[in-house]
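Working notes, structure below.
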Amino acid sequence: MAAPSRTLLIVHHSPGAALPTMLDAVRTGAAADGITGVDIEPVPALDASSSQVREAAGIIVGTPANLGYMSGALKHFFDTVYNDCLEHTTGTPWGMFVHGESDTTGATTSIDRVVTGLQWQKVIADVTVIGELDGPATDRCWELGATVAARVMER
């Protein structure tokens, strides 16, 4: 019998200056001391596949808040994988990070709706940043990565 997957899939759309920094902090947190045996796999949203989602032991999604919604790239990801993953990923631990210039509510709400349908298990509060990225926000991204990776390690 094959060993279960210990992959943390980070599906992201990371344009601009803030989102790559947030992604880097998430990845650094996921590789923190004490977290062992977890393969961290960041994948651009337009390249992520349903097989990667089905095989992942945990998922983090990251997106800008565009016009009150998740990015088109992340929406495309969910549209592409939803039906293939619906019955295969129930209970998957997950979290999200979102950056917006004026509001992130629409983006987080829309992602939560999709993930509620997938029946994933949110294991940490959303990391949302409006405007300039600061040290505390970067620390929350690190904590997001570490928390979801720790859950992956337990699976």
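The values are calculated or read from the model by the stated rules, or taken from the named source; none is laboratory data. Values in this document were obtained by computation on a predicted structure and should not be read as measured data. Cβ coordinates were reconstructed from backbone atoms using ideal geometry, including for glycine residues, and neighbour counts include every protein chain displayed.
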Quiz item: Any idea which of Ala137, Ala149 is closer than 23 Å to Ala73 by Cβ and crowded, with 20+ Cβ neighbours inside 10 Å?
Solution: Ala137
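Just checking, which of Val38, Val53 is more than 28 Å from Glu132 (Cα to Cα), touching a Ser or Thr at 6+ places or on another chain (Cβ under 9 Å), of a type in the set (A, V, I, L, M) and in contact (Cβ under 8 Å) with a residue 60 or more places away in the chain? Lay out the reasoning, then the answer.
Numbers: Val53 fails: in contact (Cβ under 8 Å) with a residue 60 or more places away in the chain.
Exactly one residue qualifies, and that residue is Val38.
Which residue out of Thr80, Thr105 is of a type in the set (Ser, Thr, Tyr) and either farther than 18 Å from Ile10 by Cβ or in contact with a Lys or Arg (Cβ under 9 Å, 6 or more places away or on another chain) (or both)? Steps first, please.
Details: Thr80 fails: either farther than 18 Å from Ile10 by Cβ or in contact with a Lys or Arg (Cβ under 9 Å, 6 or more places away or on another chain) (or both).
The conditions single out Thr105.
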Quiz item: When residues of the range 82-121 are filtered for being over 28 Å from Asp134 (Cα atoms) and among the hydroxyl-bearing types (Ser, Thr, Tyr), how many remain?
Solution: 5
Exercise. Would you tally the residues in the range 46-85 being modelled with pLDDT under 95 and either among the hydrophobic types (A, V, I, L, M, F, W, C) or under 15 Å from Val127 (Cα atoms) (or both)?
Key: 1
Practice problem: Report, by residue number, each residue of the range 13-22 that is out of contact with any Cys (no Cβ under 6 Å at 6 or more places or on another chain), surrounded by 15 or more Cβ atoms within 10 Å (Cβ to Cβ) and in contact (Cβ under 8 Å) with a residue 60 or more places away in the chain. | Solution: His13, Ala18, Leu19, Thr21
Quiz item: What is the one condition in (1) under 20 Å from Ala56 (Cβ atoms); (2) small (Gly, Ala, Ser); (3) touching a Pro at 6+ places or on another chain (Cβ under 9 Å) that Gly117 does not satisfy?
Solution: (3)
Quiz item: For the range 7-30, which residues satisfy the criterion of being modelled with pLDDT of 95 or more and over 15 Å from the mean Cα position of the chain (by Cα)?
Solution: Ala18
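Considering the range 131-146 alone, what residues qualify as being assigned to a helix (DSSP H, G or I) and either closer than 19 Å to Thr63 by Cβ or at pLDDT below 95 (or both)? So that I can check it myself, show each step before the final result.
Of all residues in the range 131-146, those assigned to a helix (DSSP H, G or I) come to 135-146.
Result: Ala137, Thr138, Arg140, Cys141, Trp142, Glu143, Leu144, Gly145.
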Quiz item: Within the range 28-77, how many residues are out of contact with any strand residue (DSSP E or B) (no Cβ under 8 Å at 6 or more places or on another chain), in a helix (DSSP H, G or I) and either among the charged types (D, E, K, R) or surrounded by fewer than 23 Cβ atoms within 10 Å (Cβ to Cβ) (or both)?
Solution: 5
Quiz item: Which residue, of Ala107, Ala125, is at pLDDT 95 or above and surrounded by 16 or more Cβ atoms within 10 Å (Cβ to Cβ)?
Solution: Ala107
Quiz item: Mind checking which residues of the range 109-127 are over 23 Å from Ser5 (Cβ atoms) and either of a type in the set (Phe, Trp, Tyr) or in contact (Cβ under 8 Å) with a residue 40 or more places away in the chain (or both)?
Solution: Ser110, Val127
Quiz item: Among the residues of the range 78-130, which ones are of a type in the set (Phe, Trp, Tyr), under 14 Å from the mean Cα position of the chain (by Cα) and not in a strand (DSSP E or B)?
Solution: Phe78, Trp120
